[in-house]
Amino acid sequence: MTWSMLFFVLVGAVSLAAAAGVVLSRQPVHSALFLLTNFATLAVLYVTLEAQFLAAAQVIIYAGGIVILILFVIMLIGGETNDFVARQRSWTRGVALGLGILLLASLSYSVFQGFNQPPADVTAIQGGIPEAVGQALFTQYLLPFELASILLLVALLGALVLGRHGTVAHTGSQPASPPPSSDD
Amino acid sequence: MLQLAWLLLAFPAAGALINTFLGSRFSKPTIGWIASGTVAASFVVSLGLLLGLLGLPGEERVITLPLWDWITIGDFRAPTALLIDPLSVTMALVVTGVGALIHVYAIGYMFDDERFQRFFVYLNFFVFAMLILVMSDNFLGMYVGWEGVGLASYLLIGFWFDKRDDTYGYYADAGKKAFLVNRVGDFGMALAIMILWTSLGSVTFLDVFQAAPASLSSGVATAIALLLLLAATGKSAQIPLYVWLPDAMAGPTPVSALIHAATMVTAGIYMIARTHVLWELGPSAANLAAWIGGLTALMAASIALVQVDLKKILAYSTISQLGYMVMGVGVGAYAFGIFHLITHAFFKALLFLAAGNVMHGLHGELDIRKMGGLREKMPTTYRLFLIGALALAGFPLMSGFFSKDGILLNVFGHSPLLYAIGLFTALLTAVYSFRAVFVPFWGQPRDKHLHEHAHESPPIMTRPLWVLAILAIVGGVLNLPFVLTLERWLEPAVGEPSFHPSLALEVSLLLVSAVVALAGIYLAYARYVKEIGWARRLQNALGPLQPLVEHKYYVDEFYDAAIVQPLKALARWFAEVFDPGIIDGSVHLIGRANLAAGERLRRLHNGLVPTYALSIFVGVVVLVMYLVFG
Amino acid sequence: MVPTSYYLILSAMIFAIGAVGVLVRRNALIILMCVEMMLNSVNLTLIALSRQWGNLNGQVFVFMIMAVAAAEVAVGLAILIANTRHRESINIDEIHLLKW
């Protein structure tokens with residue numbers, strides 16, 4: 001077993017454990033922290049996969065942005081903890097587990113059966129440094145990139161509208177005349 | 001001029017249409033005169049056709065006037081065309097001539113009726129359909145007319161559909177009875193036409209008659225003739241389908257005179273004469289027709305002897321006389337059958353209309369036991385009725401005498417036994433027709449109140465009758481013995497007669513007929529006027545038969561038990577068991593099955609996001625497994 | 001160098017764990033986290049295959065997925081908050097109005 005393999009196995013094990021932790025934790029806060037761990041290990045794996053820019057982006061966007069957002073929401077809403085056993089549809093647990101195993105088995109089988117050739121020349125991707133990725137993004141993928149920025153803008157506005165206090169649910173049933181006072 | 005023959009049909013049709021759409025704006029006399037005028041115009045056209053045919057040599061007197069193609073499907077062709085030959089023109093003359101007189105009479109008779117307009121629309125429609133029946137040059141067209149007159153008959157029998165009394169029950173039921181009984185006969189007609197088409201490939205009269213002798217086997221021809229006989233028994237009220245005609249008297253009297261005495265009921269005789277080629281190919285069917293006619297004549301005459309309703313007497317008399325005609329055409333005396341048809345149209349229409357006058361004068365009363373002594377109150381009507389009765393009884397030198405004797409003469413050549421039946425029926429005919437004269441018109445009034453209020457009818461209801469009366473007296477000249485004008489005239493259409501009696505036979509049978517008629521009249525005189533002892537004793541001797549005859553041989557009861565009630569039970573079973581159980585049941589089953597399936601499938605849509613996610617996941621797994629292993 | 005198939009297997013495992021988590025948990029927040037985890041497993045697959053074929057396209061894809069994931073989280077969390085205001089719960093079993 002080479003060192004790189006050992007490293008992969010260790011990081012992969014941590015990643016899987018964190019993933020299991022996300023699913024199995026009772027407290028949402030714990031889940032969020034396990035998720036953070038999972039994201040971090042994935043960032044490490046990205047480095048080993050010649051994707052340095054994405055590893056950094058992973059840490060910044062997921063760990064730094066999304067997980068923090070989730071933690072904020074948990075603090076806002078307060079985590080309901082006792083949700084693990086869904087009695088009225090308890091049968092779904094077994095079914096879901098069975099389906100997950102089935103999916104995993106199918107995918108593993110296909111990987112082992114049809115995927116054993118060695119990697120191609122990795123010099124082309126230049127280690128996934130920001131320069132290389134940026135070159136691709138701003139030349140060949142300029143249009144999707146701009147579209148992604150529009151998507152983010154829309155999501156921003158959508159989140160703003162949804163998050164506004166109290167008015168969203170009622171606009172549909174309000175009469176056409178403007179309300180007498182608008183102090184919200 | 002023959003090219004204008006379509007006008008014959010156009011006039012009554014136009015009259016019916018005009019009165020349908022504009023009649024509500026016209027006054028009653030206008031409606032009546034439009035209807036009568038169109039029929040009279042048709043009569044004029046018929047006269048024109050007659051003159052046109054007379055101008056042609058005998059063998060050219062069969063003309064087809066094509067109008068348009070009605071149905072063309074593959075090699076099946078049913079043209080709309082008129083067949084102008086002596087037979088159809090004769091029928092058209094009778095229909096339009098008698099029809100026009102009855103239309104005029106009906107203006108007076110129906111004047112106080114609230115459905116006056118509708119009556120004349122129906123009546124014109126009837127004339128139109130009857131002319132289609134007699135003028136069409138193919139079986140299909142004849143069938144259309146056949147059904148059309150059936151419809152008109154149904155509508156007019158049930159004309160007072162909202163009335164009911166003890167004689168007829170609901171009047172609408174009488175119409176239904178006529179319609180349903182006629183359906184049985186029409187079914188035979190339809191089958192006969194289908195067999196003709198499949199075996200000969202044509203429904204045109206001339207084609208069929210030309211091809212039939214060569215390519216129709218005797219068995220098939222007999223089958224067709226038997227089916228046509230069934231049709232004739234329905235329309236012309238013969239055994240076993242005669243039961244509708246007495247009930248048809250529920251209709252207004254002009255209807256009884258026009259449809260149920262003079263024209264429509266003779267359609268069967270016309271049809272047999274028209275299709276005589278087929279009957280000659282199936283002689284056993286013709287023989288059966290002759291016997292059915294004879295037995296019907298005898299049976300109906302015996303029933304007529306005991307009826308007390310004036311119109312019912314005439315109805316059974318009509319059945320009996322139709323029996324004579326069927327007997328005549330059955331033995332091959334087509335010309336004499338048509339001859340009797342014509343004279344019968346004259347004197348029976350006269351009798352019915354005179355009876356209508358009696359009914360009119362007595363405010364609807366028809367029971368002859370309540371009448372009596374009407375001679376002084378209604379002298380004109382009495383004379384008219386007497387003339388009709390004389391013709392019906394076969395009084396020597398009246399029209400009925402010659403026509404009936406002609407049939408009997410030919411029957412004698414066919415079967416002496418049948419002749420005996422016919423002769424005995426002639427005796428009964430004379431008795432019942434003069435019973436209908438003596439009891440209401442002679443003697444003392446039996447119902448004072450009724451008698452005092454009796455009155456003569458207005459001229460519009462007597463003048464047309466005088467025309468008919470004259471025709472009933474002199475109608476015999478159409479076909480005097482040895483001269484045989486009508487027979488020669490009809491030869492192009494119905495062929496030459498097969499029976500040629502010797503002079504001695506003919507004269508002796510004429511004398512026998514005359515004696516029988518006079519004897520019957522005397523018998524009625526002795527029994528109903530003088531009340532001589534022996535006549536009474538004769539009636540007492542026949543007493544045991546009376547209930548049987550009075551109940552019309554229980555035929556109606558038999559039909560009711562054997563056909564009507566089982567059918568009603570079947571209908572009830574369908575309505576109460578089959579329809580709610582099987583038909584509705586299957587529909588409900590489908591509905592309930594869908595409801596139940598929906599009730600179960602509804603659970604899938606529980607609105608819970610996880611369930612939907614699970615089903616998506618199941619789909620993903622299945623897809624992945626298909627891609628990996630498939 | 002670790003073979004690409006190892007990464008793929010690891011990715012599949014994380015994906016399956018995430019999917020099972022989506023199906024068995026009732027807390028909407030945790031379900032959202034599991035969805036994020038599944039997205040990340042796909043990211044791993046794409047990057048691994050990007051190296052396998054020596055092609056940057058996969059990495060560009062991952063970048064796009066990250067943008068979409070960020071948008072999704074923002075909107076999803078906003079919906080959760082709005083829903084919580086409405087019914088004082090983030091239990092997914094109480095969000096059952098999808099049948100109307």
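The values are calculated or read from the model by the stated rules, or taken from the named source; none is laboratory data. All figures in this text were calculated on a predicted structure; none of them were measured in a lab. Note that each Cβ is placed from the backbone with ideal geometry, even for glycine, and that neighbours are counted across all protein chains shown.
Side notes on the structure shown:
- Only one of A:25, A:4, A:15 that is under 30 Å from residue C:54 (Cβ atoms), at the interface with chain C (Cβ under 10 Å from one of its Cβ atoms) and at pLDDT below 90: A:4
- Near pairs, Cβ below 6 angstrom, 6+ apart or cross-chain, from segment B:322-351 (at positive phi) to any residue that is of a type outside the set (A, V, I, L, M): B:332/B:498
- Selection status of residue C:68, free of Cβ contacts under 8 Å to residues at least 60 places away in the same chain, at the interface with chain A (Cβ under 9 Å from one of its Cβ atoms) and touching a Lys or Arg at 6+ places or on another chain (Cβ under 7 Å): no
- Candidate set: segment A:28-38, residues that are closer than 23 Å to residue C:90 by Cα and at the interface with chain C (Cβ under 7 Å from one of its Cβ atoms); chosen: the one surrounded by the fewest Cβ atoms within 10 Å (Cβ to Cβ): A:32
- Residues of segment B:224-246 that turn out to be part of a helix (DSSP H, G or I) and over 21 Å from residue B:270 (Cβ atoms), as a count: 1
- Residue within segment B:101-111 that is under 28 Å from residue B:456 (Cα atoms) and part of a loop (DSSP other than H, G, I, E, B) present: yes
- Checking every residue in segment A:168-176 against the condition of being facing chain C (nearest Cβ under 7 Å), assigned to a helix (DSSP H, G or I), modelled with pLDDT under 85 and over 23 Å from the mean Cα position of the chain (by Cα) gives at least one match.
- Within segment A:70-114, being in a loop (DSSP other than H, G, I, E, B) and modelled with pLDDT of 70 or more holds for one residue alone: A:90.
- Every residue from segment A:1-47 that is of a type outside the set (A, V, I, L, M, F, W, C) and either closer than 16 Å to residue A:62 by Cα or touching a residue at least 40 places away in the same chain (Cβ under 8 Å) (or both): A:4, A:15, A:26, A:27, A:28, A:31, A:37, A:38, A:41, A:46
- Within segment B:366-385, tally of residues that are small (Gly, Ala, Ser) and either without any contact (Cβ under 8 Å) to a residue 40 or more places away in the chain or closer than 25 Å to residue B:168 by Cα (or both): 1
- Residues located in segment B:261-282, provided they are over 12 Å from residue B:342 (Cβ atoms) and assigned to a loop (DSSP other than H, G, I, E, B): B:275, B:282
- No other residue among C:49, C:39, C:77 is part of a helix (DSSP H, G or I), farther than 26 Å from residue A:95 by Cα and more than 8 Å from chain A (Cβ to nearest Cβ) apart from C:49.
- Counting only residues that are part of a helix (DSSP H, G or I) and of a type in the set (Phe, Trp, Tyr), segment A:115-153 holds 2 of them.
- Those residues of segment B:464-492 which are farther than 21 Å from residue B:346 by Cβ and surrounded by 16 or more Cβ atoms within 10 Å (Cβ to Cβ), in sequence order: B:491, B:492
- Any hit, segment A:48-61, residues being within 21 Å of residue C:70 (Cβ to Cβ), free of Cβ contacts under 8 Å to residues at least 12 places away in the same chain, at the interface with another protein chain (Cβ under 7 Å from one of its Cβ atoms) and crowded, with 16+ Cβ neighbours inside 10 Å: yes
- Any hit, segment B:183-191, residues being of a type in the set (D, E, K, R) and in contact with a strand residue (DSSP E or B) (Cβ under 6 Å, 6 or more places away or on another chain): no
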